[in-house]
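Participant: Sending over a structure as structure tokens; questions will come in a sec.
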Amino acid sequence: MKALLLVSGLGFLGILSEILNFKKFIYKLSIVGLLAAIVVTFLEWDNPTPAYFNNMVYFDNLAISFIAVLLITGLLWFLMAESIFENDGLQSDKSTLVLFSIVGAVCMVAYNNITMLFIGIEILSICMYVLAGSKKESLGSNESAMKYFLMGAFATGFLLMGIAFIYGASASFDVMEIKAYMSNSPQNIELVYTGIILLAIGLAFKISAVPFHFWAPDVYEGAPIQVTALMSTIVKTAAIAAFYKLFTVSFGSQEIVWSTTLSYIAALSVLIGNIIAVFQSNVKRMLAYSGISHAGYLLLAILANNAAGGTALTYYTLAYSVATIAAFTVVANVASVKGSSDFTSFEGLGKKNKLITISVIVSMMSLAGIPPFAGFFGKYFLFTSYLENHSINLVIIGLIGSAISIYYYFRLIVNLFKGESDEVIPLSLTSKIVLIIAIILTVAMGIFPEIMNGGW
Amino acid sequence: MITTALLFFPLVVGLLLFLLKGETVKKVALGASIVEFLLGVVAFVNFNKGNGLPQYELNIPWIKSLGINFHIGMDGISLLLVGLTTFLLPLIILAANRNSYKNPTNLYALMLLMQFGLIGVFTAQDAFLFYIFWEVALIPIYFIALLWGGEQKVKITFKFFIYTLAGSLLMLVGLIYVYFQTPAPHSFSLTSLYELELTNGTQSWLFWLFFFAFAIKMPVFPFHSWLADTYTDAPTPGTMLLSGIMSKMGVYGAIRLLLPIVPQGIMEWGPLAITLAIIGVLYASLMAMYQKDYKRLIAYSSAAHVGLIAAGVFSLTHNGMVGGVIQMVAHGISAFGLFYVVDILVNRTGSRDLDKLGGIRVVAPNYATAFLIILLASIALPLTSGFVGEFLLMAGIYEYNSWLAFFGGLTTILGAVYMLKSYQKAVLGDKTEISDKFHDLVLQEKIILIPVILAIFILGVYPKPFIEIAEPAVKNLFSLMSITIK
């Protein structure tokens with residue numbers, strides 16, 4: 001709760017900095033503020049009174065884990081994105097938008113009332129629409145913002161409709177009351193079913209799962225690369241956490257309604273995301289499609305419909321976000337020197353760029369799910385939580401997807417050692433810090449996989 | 001305690017090496033591998049030979065919620081393979097020393113990390129841990145082959161990686177399945193997996209999940225297609241690691257997981273597996289006969305030997321199993337020796353083409369003798385290391401089926417043919433222009449070859465202590481499989 005207030009306060013500070021003219025400090029202030037927010041979040045572990053604002057938000061340990069994931073990702077993001085906070089007169093706008101999007105994300109993981117979920121999604125999304133278009137002079141950025149906005153607006157429509165239907169049936173917005181309503185053979189069953197499916201569609205848009213993924217590659221490619229990193233980490237984490245809470249808590253007893261649909265969505269996301277990623281020549285697009293396939297894996301935690309799924313989800317989102325941020329840091333730096341983020345830009349960089357090479361190897365292997373890196377345990381936890389009460393079919397599809405994904409993740413690694421090049425990619429201090437933290441986290445999470453069970 | 005030291009020492013040194021530069025790297029790597037070897041010797045000396053159960057155990061909880069323990073320890077089979085690893089690594093490092101590889105720091109560090117992974121595989125007493133190390137061992141060798149390999153390296157290493165990883169993913173599915181069959185709270189510990197009584201139908205398909213992983217690693221026909229290219233294209237230290245130690249991982253996995261967990265599956269599919277192994281043996285031997293590239297020839301001969309080991313293990317006879325374990329050690333040593341002498345040949349003459357070589361014995365008698373001894377060990381001449389293992393293997397396969405033993409036995413003859421023929425072509429003969437480029441062994445080469453030759457003779461003349469170490473573990477294995485020893 002304190003973290004929510006703190007980050008909101010930071011956001012307002014960003015607006016004030018415009019008026020009171022301390023813009024040049026706002027970048028450093030945001031980093032310090034986020035660090036403080038992380039500390040405050042950990043202090044709230046095992047909170048005895050988790051409900052706030054008349055049960056609108058609820059900070060139990062699961063929510064706190066997700067908030068920690070979001071804030072750590074946010075902090076790493078601020079470090080990697082230093083270059084967009086250069087003194088162009090807009091830095092306070094950008095930092096405010098990012099901080100508010102984190103606020104929206106925190107609302108989405110800690111909501112206890114579907115209206116709060118909706119508010120969270122909108123806070124997050126509107127900030128992201130603006131950020132996607134923040135490179136005003138670039139055509140791609142404009143296209144990206146427009147597409148994102150249109151698609152996002154559709155998704156919002158579905159969500160709102162779904163919320164209305166659920167409210168119509170259960171006469172409540174409260175997650176727990178809806179749960180109670182669902183467990184006792186609900187009346188108005190057709191309203192409930194329609195509402196659940198509409199909500200599933202709306203949220204599947206947000207996590208860019210197949211077949212609601214068409215916006216993702218174009219939006220990712222067009223948006224400024226740092227914003228893409230934000231979209232593929234924080235947005236995805238928040239959306240899947242919200243998805244998990246709504247479906248396993250509120251609709252958990254109605255599993256029969258949504259499990260088949262979501263199983264197909266998960267299987268298709270894993271397969272289509274991975275297969276199309278193989279054919280990409282641009283690393284940003286490759287990461288977009290890999291993000292789609294990861295959405296499929298994440299859905300397994302919801303399908304598992306048990307507590308282990310939630311823990312697995314926190315672990316997986318952290319592992320995925322850290323590796324993705326590292327990958328985007330490298331891509332951003334390489335693209336700024338080479339002018340493009342195609343695979344060919346990476347050729348021969350393995351010679352003289354030690355940190356970049358190690359980061360690419362570690363993050364790609366983690367994303368591909370190769371032990372002993374964090375990504376492997378993420379997938380492993382997801383699969384076992386799903387297998388606790390389900391058959392093995394989807395897991396086999398997941399493993400086939402993993403095997404395919406090795407092809408394109410390793411393609412990036414192999415490219416580093418292809419050809420001869422003595423080029424050195426200069427890294428700023430903050431980029432170096434991000435990469436080192438990401439490597440350490442990815443390896444440490446592999447060695448101490450219980451970190452998300454309070455096993456530290 | 002000693003297992004822990006054996007496991008983590010190479011990891012720590014390997015990681016430290018990344019921070020060092022220049023000549024010190026080689027010295028530190030070599031020193032560390034010798035210390036590791038001495039640790040291995042200590043483990044040998046203190047080992048309780050009568051006991052077939054794992055010794056020197058360490059068992060601490062790792063992922064409590066999933067019943068995964070960090071459980072390591074060594075029984076006789078593990079000990080012999082760990083011994084092989086610690087014995088070969090200093091020699092491989094010393095052998096790599098001569099070739100001037102660019103970025104040697106990374107090469108030596110990766111070799112030590114590889115040792116960490118291999119020892120992890122051979123000592124893991126928890127199936128999940130086994131899987132982790134199985135993959136961890138793959139990563140360094142992939143990069144060794146990718147960074148220092150030949151012209152086709154990108155394509156070939158990729159094929160190798162995808163092949164082996166696909167196999168291990170299947171094993172992972174199998175492991176997760178058996179994990180859920182253990183009584184709650186589920187556990188991955190090998191003992192609890194051994195206690196499972198799975199139905200025959202289940203064992204029948206589980207067998208394949210495990211078999212694919214191990215068959216690809218060995219490799220057994222028809223999963224061998226990555227082998228020749230990878231062995232040939234990898235830098236020599238990589239090839240030595242691959243054929244000397246890593247090819248044993250597949251057999252070891254079969255002994256450790258496949259046999260005790262799905263004994264009924266073996267009863268059902270064993271005949272097919274053993275036939276595949278024998279086909280592979282013949283195929284590889286025939287391929288070896290027609291190779292012009294010396295490194296490729298040895299790659300195929302290595303595949304033939306490992307195929308025979310697999311056949312012996314799947315024969316489920318006492319002799320076949322003990323022979324398999326002994327032969328794993330013997331083959332590791334002779335494969336290293338062969339790749340090393342050929343590496344010397346290639347380095348001095350610049351050619352691996354058999355047709356272009358010849359007339360070396362005239363100028364380098366010591367080299368020719370050392371080569372001959374290693375070669376004879378490889379074709380299993382009595383009193384050399386290859387004989388004991390191969391004899392027991394053949395005996396085991398014969399007890400199982402005399403026809404298979406006949407075809408398997410052909411490999412010994414074929415092996416003698418292509419090995420001696422190649423030796424004749426490359427080393428014997430009159431003085432040629434090649435001879436002028438050649439000079440006899442230098443000190444460093446002698447330092448490497450003498451331990452190899454000593455090991456060949458010790459194993460060949462007095463294999464008793466090694467057999468005594470292997471036997472209780474093999475007996476324990478059979479009692480786990482709850483079938484009578486033939």
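Participant: Which distance in Å, rounded to a whole number, links the C-alpha centroids of segment B:88-160 and segment A:381-456?
Facilitator: About 20 Å separates the Cα centre of segment B:88-160 from the one of segment A:381-456.
Participant: Per residue of segment B:335-341, what does 6.51 cos²θ - 1.76 cosθ + 1.60 with θ = phi - 60° give for ³J(HN,Hα)? Whole Hz please, x for Gly and Pro, Karplus curve as stated.
Facilitator: So the J values, rounded to whole Hz, are 5, 4, x, 4, 4, 6, 5.
Participant: Search the structure for amide H atoms under 5 Å from the amide H of B:SER187, placed 1.01 Å from N in the peptide plane, and list their residues when 5 or more places away or on another chain.
Facilitator: B:THR182
Participant: Okay, next question. Using the number of other C-beta atoms within 10 angstrom as an exposure proxy, rank A:ILE196, B:ILE333, B:ILE63 with the fewest first.
Facilitator: The order, fewest Cβ neighbours first, is B:ILE63, A:ILE196, B:ILE333.
Participant: Here is a further query. Name the residues whose placed amide hydrogens come within less than 5 Å of the amide hydrogen of B:TRP62, ignoring near sequence neighbours (fewer than 5 apart) on the same chain.
Facilitator: Amide H neighbours of B:TRP62: B:ILE68, B:ASN69, B:PHE70.
Participant: With just the Cα atoms defining each centre, how far is segment B:1-25 from segment A:16-54? Give it in Å.
Facilitator: 42 Å
Participant: Here's another thing I want to ask about it. How far apart, in nanometres, would the label points at B:ASN366 and B:GLN181 be if each is projected 7 angstrom from Cα along the Cα-to-Cβ direction?
Facilitator: 5.7 nm
Participant: Two decimals, Cα atoms only, Kirkwood Rh: what is Rg/Rh over segment B:286-358?
Facilitator: 1.11
Participant: Taking the 0 to 90 degree range and rounding to the nearest ten, how far is the long axis of helix A:139-170 tilted relative to the main principal axis of chain A, both from C-alpha atoms?
Facilitator: 20 degrees
Participant: If you plug each phi of segment B:60-67 into the Karplus form 6.51 cos²θ - 1.76 cosθ + 1.60 with θ = phi - 60°, what whole-Hz ³J(HN,Hα) values come out, in order, with x for Gly and Pro?
Facilitator: 10, x, 10, 10, 4, 4, 10, x
Participant: Moving to a separate point now. Can you list the HN-Hα couplings for segment B:255-272, worked out from phi with the Karplus curve (6.51, -1.76, 1.60; θ = phi - 60°), rounded to whole Hz and with x for Gly and Pro?
Facilitator: 3J(HN,Hα) across segment B:255-272, in whole Hz: 5, 7, 10, 4, 4, x, 7, 10, x, 5, x, 5, 4, 6, 9, x, x, 5.
Participant: Return the FRET efficiency for the residue pair B:ASN59, B:PHE18: r is the Cβ-Cβ distance, R0 is 41 Å, and the value is rounded to the nearest 0.05.
Facilitator: The value I calculate is 0.85.
Participant: Quick one, what does Rg over Rh come out to for segment A:1-143 if you take C-alpha atoms and the Kirkwood Rh?
Facilitator: 0.99
Participant: A further question on this structure: Could you let me know the centre-to-centre spacing of segment B:396-453 and segment B:238-312, using Cα atoms, in angstrom?
Facilitator: 19 Å
Participant: Quick check: convex hull over the Cα atoms of segment B:112-266, volume per residue in Å³, rounded to an integer?
Facilitator: Once divided by residue count, the hull of segment B:112-266 is 93 Å³.
Participant: If N is the number of residues in segment A:2-453, what value comes out of its Cα radius of gyration divided by 2.2 N^0.38 Å?
Facilitator: Ratio of Cα Rg to 2.2 N^0.38 Å: 0.93.
Participant: Tell me the angle of helix A:114-132 to the major Cα principal axis of chain A, expressed in degrees between 0 and 90 and rounded to the nearest ten.
Facilitator: Tilt of helix A:114-132: around 20 degrees.
Participant: Amide H neighbours of A:ASN113 under 5 Å, counting only residues 5+ apart in sequence or on other chains, H built in-plane at 1.01 Å?
Facilitator: So A:ASN113 has HN proximity to A:VAL175.
Participant: Related question: Hey, can you rank B:261-270, B:112-121 by average C-beta count inside 10 Å, highest first?
Facilitator: B:112-121, B:261-270
Participant: List B:LYS437, A:LYS179, A:LYS94, B:LYS248 from most exposed to least, where exposure is judged by having the fewest other Cβ atoms within 10 Å.
Facilitator: Result, fewest neighbours first: B:LYS437, A:LYS179, A:LYS94, B:LYS248.
Participant: Please compute P(r) over all alpha-carbon pairs of chain B, binned at 20 Å starting from zero, and give each bin as a whole-number percent.
Facilitator: That works out to 26, 60, 14, 0, in percent per bin.
Participant: Write down Rg/Rh for segment A:216-371, rounded to two decimals, with Rg from the C-alpha atoms and Rh from the Kirkwood relation over Cα pairs.
Facilitator: My calculation of the ratio gives 1.02.
Participant: Measure nothing but the geometry: give the 0 to 90° angle between the long axis through the Cα atoms of A:236-245 and the longest principal axis through the Cα atoms of chain A, rounded to 10°.
Facilitator: 20 degrees
Participant: With label points built 7 Å along Cα→Cβ from the Cα atoms of A:ILE436 and A:ASN393, find their separation and express it in nm.
Facilitator: Modelled inter-label distance: 5.0 nm.
Participant: Could you list the square roots of 5 times each eigenvalue of the Cα gyration tensor of segment B:375-455, that is, the equivalent ellipsoid semi-axes, sorted largest first and rounded to whole Å?
Facilitator: In descending order, the three semi-axes are 33, 18, 6 Å.
Participant: Round to the nearest 0.05 the FRET efficiency obtained for B:LEU272 and A:GLU420 when R0 = 56 Å and r is the Cβ-Cβ distance.
Facilitator: The value I calculate is 0.70.
Participant: For the residues A:LEU139, B:LEU286, what sequence is obtained by ranking on other C-beta atoms within 10 Å, fewest first?
Facilitator: So the residues, fewest neighbours to most, are A:LEU139, B:LEU286.
Participant: Along its three principal axes, how long is the protein assembly as shown when you only count alpha carbons? Whole Å, largest extent first please.
Facilitator: Sorted largest first, the three principal extents are 91, 60, 44 Å.
Computed from the coordinates by the stated procedures, all read-outs in this text should not be read as laboratory data. As the structure is a prediction and not an experimental result, all values here were calculated from the model. In this analysis, Cβ positions are derived from the backbone assuming ideal geometry, glycine residues included, and neighbour counts consider all displayed protein chains.
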